[in-house]
Amino acid sequence: MPTRRIHIMGASGAGVTTLGRALADALGLPHHDTDDYYWQPTDPPYRDMRAIPDRLRLMHELFLPRPSWVLSGSLDSWGDPILGLLDLAVFLLTPTEIRLARLRDREQRRGWDDETNDFLEWASHYDDGTREGRSLPRHEAWLKTLRCPVLRLDGTHPVAVLVDQIVAATTRQDRAIN
């Protein structure tokens, strides 16, 4: 069986992690999220970044050498050593209004604080790329560096439909290899 190393990426609130988990379940593969490697464990979470070499080492120790996995999240500023491992990249595009509504809902469930407002302000500028960090222009440039196929999907579609689209793409890849 060919490898299935699938990376799903997009803006905060696009549905990347949700889709990654659902795809991993559908394919019977382990799911990993870049946030688990990017951030050190803290309470509250997402406060202290890990150094890039530590992220990559941890990912290598836990799953990268395995033949198949699903990785959700963003690698665009630090994941270049992983690029050659990818069999498929999925770029999930979701309109800003929908992403922000999803993020507001998620942050209310987590417990809103002053940093939430800063995070939502940052996330609202993904499309225009006027803030530091993840942005549509950076993602588009990063996607051009990939050697694997890139599947662009509409994040407004139901998760089950998106999973079916990715499974169909991986099936086509499997047939092309054989």
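What follows is calculated from the coordinates using simple rules that are stated; it is not laboratory data. From a predicted model like this one, the values you see are computed outputs, not experimental measurements. Note that we place each Cβ from the backbone using ideal geometry, even for glycine, and neighbour counts take in every protein chain shown.
Brief remarks on what is shown
- Efficiency of FRET from Cβ geometry, Ala168 and Asp128, R₀ 35 Å, rounded to 0.05: 0.60
- Close amide H pairs (under 5 Å, H built 1.01 Å from N) link Arg4 with Ser68, Trp69, residues at least 5 positions away or on another chain.
- Phi-derived couplings, Karplus 6.51 cos²θ - 1.76 cosθ + 1.60 at θ = phi - 60°, listed residue by residue for the stretch 14-25: 6, x, 4, 5, 4, 5, x, 5, 5, 5, 4, 4 Hz, with x used for Gly and Pro.
- Applying a DSSP loop filter and a limit of 12 other Cβ atoms within 10 Å to the trypsin sites (Lys or Arg not before Pro) in the stretch 19-100 leaves Arg47.
- Proxy reagent accessibility, fewest Cβ within 10 Å first, across Val161, Val70, Val150: Val161, Val150, Val70
- Taking only the Cα atoms of the chain, the radius of gyration and Dmax are 16.0, 54 Å.
- Applying a DSSP loop filter and a limit of 14 other Cβ atoms within 10 Å to the GluC sites (Glu not before Pro) in the stretch 69-178 leaves Glu132.
- Separation in nanometres of the label points that stand 7 Å from Cα toward Cβ, at Asp36 and Ala101: 3.0 nm
- Antiparallel %, DSSP beta bridges [both residues in the stretch 4-177], to 5: 5 percent
- Compared with the direct C-alpha span, the chain from Ala26 to Asp54 gains 7.1 nm at full extension, assuming 0.36 nm per residue.
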